[in-house]
Amino acid sequence: MTNKKYYKTLLFYLAALLLPILIMVGVLYSQDIYPGSSQTILTSDGFHQYVIFATGLRNILHGDGSLFYTFTSGLGLNFYALTSYYLGSFLSPLYYFFTVKQMADAFYFITILKFGLIGLSGAFSFKYLFTKVSRSFILCLSTGFSLMSFATSQLEISTWLDAFILAPLIILGLHLLLRFNKRGLYFISLTCLFIQNYYFGYMMAIFLTLYTLIQLVSIKGWKNKIIHFLDFGVVSILSGLSSAIMLLPTLLDLTTHGEKFTSVSNLLTDSTYYFDFFAKNLIGAYDTTKFGSIPMIYVGLLPLILFLLFFVSNEIKLSLRLSYLLLFSLFIVSFYIQPLDLFWQGMHAPNMFLHRYSWLLSLLSVLLAGETLNRVKKFSLLRLLMSFLVLATGFLFTWIFRSHYSFIEPSSWLLSLAFLLAYAILFISYYRQQIPRTIFQYFTFLFCIFELSLSTYYVVGALGNEWVFPSREGYLRNMSAITKLVSDTRKTNKTFYRTERMESQTGNDSMKFNYNGISQFSSIRNTASSSTLDRLGFKSEGTNLNLRYQNNTIIADSLFGVKYNLWSLNPNKYGFYQLNSEKSMRIYQNNNAAQLAILTDGVYKDTPFTVNTLDNQSNLLNALSGLNLTYFKRAPSQLLDKDAKSLNQRVAKRNSHSNKDSVTVTYRVTTPPHSQLYVSIPNISWSDDNPHSLSTTVNGVTKSQITDNTFDFFDLGYFEKEETITVGLTFYGNKAISFDNPSFYALNTQNYQTAMDTINQRDVKVTTAKNKVFANYSSKKEASLFFTIPYDKGWTATVNSKKVKIYRSQKGFMKVNIPSGKGKVVLTFVPYGFKLGLLISCLSSLTFCCYAHFIRKSRLI
């Protein structure tokens, strides 16, 4: 390669990398997002999940934790499985180089870099796929794919971007496999996709099978077609098996703890209409990424024009055009037919961010646009006009039926028609030889990049309007104070303990602030333990996507080892005292917190759970302590509010003040001595959809209560002596409220103290290190160690260095039976299937090398 050619190639690849980066930097800057800015890129799940999980990985890379397991989420969690879904990126190790406070900027830099790498991989792949296409058009295709609306509208889900980096390389590798008998790139890139993102890997596997069948149309002879398809199948299967080191443990975790398949409830999907394809190809079109969205498929008007031109070009074989038309039709039908829509997504209905396979249609559009440019030597004016006419007509219909597309702004129609007209003028002028080729390419490139920039600007702006780009101050709120307080507790504790916030910012605060906790918000979770915890007062309904610590009792605190509470207020919990404070944040210590492993009185037998949370807590505490005490009883109460109506076991009140947007209902309650008082307010009905909250006022002291993803069960404080108190329940954000008759419960703290003393006086001390748990015990008789750790087949146990069985206990937890005397139990976690997966990966990779060498030497293909 000459120096001139080398520098031109280098400049081409630099442009492919930098164009998406510069566009994204400019667009985000328009939203006041840049390094060190007051706003952050952490919208939606980026704030609540992705940056937090990245922070968890960052801490592990710095030596604080294990890549296999973490106790900073949901009592304990398979972090390896979490990585496969949320952190599957070869760029994730870059988080190591940032501090915890810099993670918002780290997320920004890595996200921007990924957009650039999508452009770079696209340009590299398209350059070799479409050898007759000019580099300016290649840049249009690669930039369009990088900035497709599927990616920009969901930019906070950063691991999806890695799939788009690999997709063009996989397609290039497939063409090298089918055309030139070269298998390396296809095998490596597809294996990387399966390892990094099994979910998108599944979608890509379906697409590749269909895409390969179409490629066989161009291969002569049925024998050759069959041989090439078999070759594709063998290499693809070996690729999947080579990724077993990640796929097998993840699959086993999902089958054990994941969701069940979604049943088909309707034939048609929701919120679709006849002209969705055109509506979502308008510049800047964005409806929502919540429920009720239609597919995000925009990839640029220029690729779309060329995509349509592909189907009407006589220079392309009719059989090939019909085959691609069938594939295109399959995508369109899938958007409308619910069973097909679910099939593409692994038969699991997404929790928002719908039609997650629609990016494959964007990929197909770009590929066929490239094929058009590569195959068609001279455009037919009639067929060119047909493409423009189809698009213009489609856009016109979306305007005629705009009542079905209320999300489309007038600017989207105007800009789309303006650019469509500009492209038409350029193509027709070039066809009539009114402008030279270089001018045609130059201005088409400029218009295309400008169009993509505008669309990205509108899409990202709409994303910010819907989800809001959070402030840096919000992300860093209380971080310094909590980090300091948590760090201090580590210095003073030798055994395992848990910490929780009374007022959370996200469902994953424990991982964000790096303390062992209970709350969790993750698609990767232990459904068995979460559903059991739900029965014990830590709310986790339905698919267990959410698990919350707040609004439970001190029995649950102590049994699950919650030794510290973080709050700016005094929780007024029995057995808790203020240990320290930092700025406005205080930390309270629970003197009754149990160890991670509870030594039982004899071999533990499960106690039955019902739908009654307080009964379940009482039964569990008695079963673990070996006692038979009563802990809860109803506290007498009386409705004092004359304006509130009580009818058919239901209380209702409407605010008569037009300028006051809250309702207060007042009760008189008699508290027994030595009691922790709680109130349960079932089935609250808010009068409208305004943001709502609730506070309780006890003897003039008001506390805000948590109502988001928690049970409506609120702590009213500790009472040493019998008192008659006034309790005010204030519901904000609504002028009318109704709820079932509340129940006031008093926890007998003397009985509670007796039970916890019985448990904590038994001789057991538990520590953890990486993926291991160490429990030293001394017991006068055969007994059990009841571990408040989610049951998982990845755990193995030894007692005094001898391997023993781990038993599932209370459905979601673990127990190990132990002999009398002193001993040491060691639990070790290695993801279930990891060792077998590693072996399969090694053998499959070796098999591929042998297979590729044999095929190359034997020249069978």
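Over 30 Å from residue 559 (Cβ atoms) and assigned by TED's automatic domain parsing to the domain that holds residue 733 - does that describe any residue in segment 615-638?
Within segment 615-638, one or more residues are over 30 Å from residue 559 (Cβ atoms) and assigned by TED's automatic domain parsing to the domain that holds residue 733.
Where in segment 177-276 are there helices (runs of 4 or more DSSP H), lying wholly inside it, with at least 3 residues that are farther than 30 Å from residue 354 by Cβ?
184-196, 222-242
Working carefully through the options 326, 382, find the one that is assigned to a helix (DSSP H, G or I), aliphatic (A, V, I, L, M) and either closer than 23 Å to residue 440 by Cβ or not assigned by TED's automatic domain parsing to the domain that holds residue 255 (or both).
382
Confirm whether residue 305 is more than 30 Å from residue 543 (Cβ to Cβ), touching a Ser or Thr at 6+ places or on another chain (Cβ under 6 Å) and modelled with pLDDT of 95 or more.
yes
In this structure, does residue 314 turn out to be part of a loop (DSSP other than H, G, I, E, B) and touching a Leu at 6+ places or on another chain (Cβ under 9 Å)?
No: the conditions fail for residue 314.
Which pairs turn up if I take residues in segment 325-345 that are among the β-branched types (Val, Ile, Thr) and look for partners that are modelled with pLDDT of 95 or more with beta carbon separation below 8 Å, at least 6 apart in sequence or on another chain?
332/277; 333/340
Please work out which one of (1) out of contact with any helix residue (DSSP H, G or I) (no Cβ under 7 Å at 6 or more places or on another chain); (2) within 30 Å of residue 769 (Cβ to Cβ); (3) assigned to a helix (DSSP H, G or I) is the condition residue 64 fails and give its number.
(3)
For residue 497, indicate whether it is surrounded by 17 or more Cβ atoms within 10 Å (Cβ to Cβ), under 30 Å from residue 764 (Cβ atoms) and under 24 Å from the mean Cα position of the chain (by Cα).
no
Checking residue 85 against (1) surrounded by fewer than 23 Cβ atoms within 10 Å (Cβ to Cβ); (2) within 30 Å of residue 828 (Cα to Cα); (3) aromatic (Phe, Trp, Tyr); (4) at pLDDT 95 or above, which single condition isn't satisfied?
(4)
Keeping to segment 620-667, report how many residues are free of Cβ contacts under 8 Å to residues at least 12 places away in the same chain and more than 30 Å from residue 687 (Cα to Cα).
Count: 1.
Return the residues of segment 610-633 that are part of a loop (DSSP other than H, G, I, E, B) and either surrounded by 17 or more Cβ atoms within 10 Å (Cβ to Cβ) or in contact with a Phe, Trp or Tyr (Cβ under 9 Å, 6 or more places away or on another chain) (or both); say none if nothing qualifies.
629, 631
Kindly indicate whether any position in segment 8-25 is out of contact with any helix residue (DSSP H, G or I) (no Cβ under 6 Å at 6 or more places or on another chain), surrounded by fewer than 18 Cβ atoms within 10 Å (Cβ to Cβ), on the phi > 0 side of the Ramachandran plot and not assigned by TED's automatic domain parsing to the domain that holds residue 515.
The answer is no; no qualifying residue exists.
Can you tell me which residue among 745, 752 is over 38 Å from the mean Cα position of the chain (by Cα) and surrounded by 17 or more Cβ atoms within 10 Å (Cβ to Cβ)?
752
Could you list, in sequence order, all residues of segment 742-767 that are touching a strand residue (DSSP E or B) at 6+ places or on another chain (Cβ under 6 Å) and either modelled with pLDDT under 95 or part of a loop (DSSP other than H, G, I, E, B) (or both)?
742, 762
For residue 774, only one of the following conditions fails: (1) surrounded by fewer than 19 Cβ atoms within 10 Å (Cβ to Cβ); (2) at pLDDT 95 or above; (3) under 15 Å from residue 675 (Cα atoms). What is its number?
So residue 774 meets the others, but not (3).
Look at residue 374 and say whether it is closer than 23 Å to residue 138 by Cβ, in the same structural domain as residue 203 (by TED's automatic domain parsing) and surrounded by fewer than 17 Cβ atoms within 10 Å (Cβ to Cβ).
In short, yes.
Please verify whether segment 285-302 includes one or more residues that are without any contact (Cβ under 8 Å) to a residue 24 or more places away in the chain, closer than 21 Å to residue 332 by Cβ and among the acidic types (Asp, Glu).
No; the residues of segment 285-302 include none that is without any contact (Cβ under 8 Å) to a residue 24 or more places away in the chain, closer than 21 Å to residue 332 by Cβ and among the acidic types (Asp, Glu).
In segment 799-813, which residue that is assigned to a loop (DSSP other than H, G, I, E, B) and not hydroxyl-bearing (Ser, Thr, Tyr) is surrounded by the fewest Cβ atoms within 10 Å (Cβ to Cβ)?
805
When you look at residue 620, is it within 43 Å of the chain's Cα centre (by Cα), within 24 Å of residue 503 (Cβ to Cβ), at pLDDT 95 or above and of a type in the set (A, V, I, L, M, F, W, C), yes or no?
So residue 620 fails the test.
Going through segment 329-344 one residue at a time, which ones are more than 13 Å from residue 263 (Cα to Cα) and either surrounded by fewer than 19 Cβ atoms within 10 Å (Cβ to Cβ) or modelled with pLDDT under 95 (or both)?
Correct list: 329, 330, 332, 333, 336, 337.
Against the conditions (1) among the acidic types (Asp, Glu); (2) surrounded by fewer than 20 Cβ atoms within 10 Å (Cβ to Cβ); (3) within 19 Å of the chain's Cα centre (by Cα), where does residue 64 fall short? Just the number, please.
(3)
I want to confirm something. Restricting to segment 426-453 and keeping residues that are over 18 Å from residue 373 (Cβ atoms) and either under 42 Å from the mean Cα position of the chain (by Cα) or modelled with pLDDT of 95 or more (or both), which single residue is surrounded by the most Cβ atoms within 10 Å (Cβ to Cβ)?
453
Looking only at segment 221-256, how many residues end up being more than 25 Å from residue 191 (Cα to Cα) and either basic (Lys, Arg) or surrounded by 14 or more Cβ atoms within 10 Å (Cβ to Cβ) (or both)?
Counting residues in segment 221-256 that are more than 25 Å from residue 191 (Cα to Cα) and either basic (Lys, Arg) or surrounded by 14 or more Cβ atoms within 10 Å (Cβ to Cβ) (or both) gives 1.
How many of the residues in segment 564-609 are within 25 Å of residue 811 (Cβ to Cβ) and outside any loop (DSSP other than H, G, I, E, B)?
3
Kindly provide the set of residues from segment 169-206 that are among the small types (Gly, Ala, Ser) and closer than 24 Å to residue 224 by Cβ, ordered by number.
173, 184, 205
Which one of these is crowded, with 20+ Cβ neighbours inside 10 Å, in the same structural domain as residue 639 (by TED's automatic domain parsing) and not in a helix (DSSP H, G or I): 717, 728?
So the residue among 717, 728 that is crowded, with 20+ Cβ neighbours inside 10 Å, in the same structural domain as residue 639 (by TED's automatic domain parsing) and not in a helix (DSSP H, G or I) is 717.
Among the residues of segment 648-684, write down those that are in contact with a Phe, Trp or Tyr (Cβ under 7 Å, 6 or more places away or on another chain) and hydrophobic (A, V, I, L, M, F, W, C).
Residues satisfying the conditions are 651, 663, 669, 677, 679, 681, 684.
Which one of these does residue 791 not meet: (1) in a strand (DSSP E or B); (2) closer than 23 Å to residue 626 by Cβ?
Status for residue 791: all satisfied but (1).
Which of the residues spanning segment 634-656 are within 44 Å of the chain's Cα centre (by Cα), in a loop (DSSP other than H, G, I, E, B) and over 16 Å from residue 744 (Cα atoms)?
Answer for segment 634-656, where residues must be within 44 Å of the chain's Cα centre (by Cα), in a loop (DSSP other than H, G, I, E, B) and over 16 Å from residue 744 (Cα atoms): 644, 648, 655, 656.
The values are calculated or read from the model by the stated rules, or taken from the named source; none is laboratory data. Bear in mind the structure is a predicted one, so any value in this text is a computation, not a measurement. Quick reminder, even Gly has a Cβ in these numbers, built from the backbone with ideal geometry, and neighbours come from all protein chains shown.
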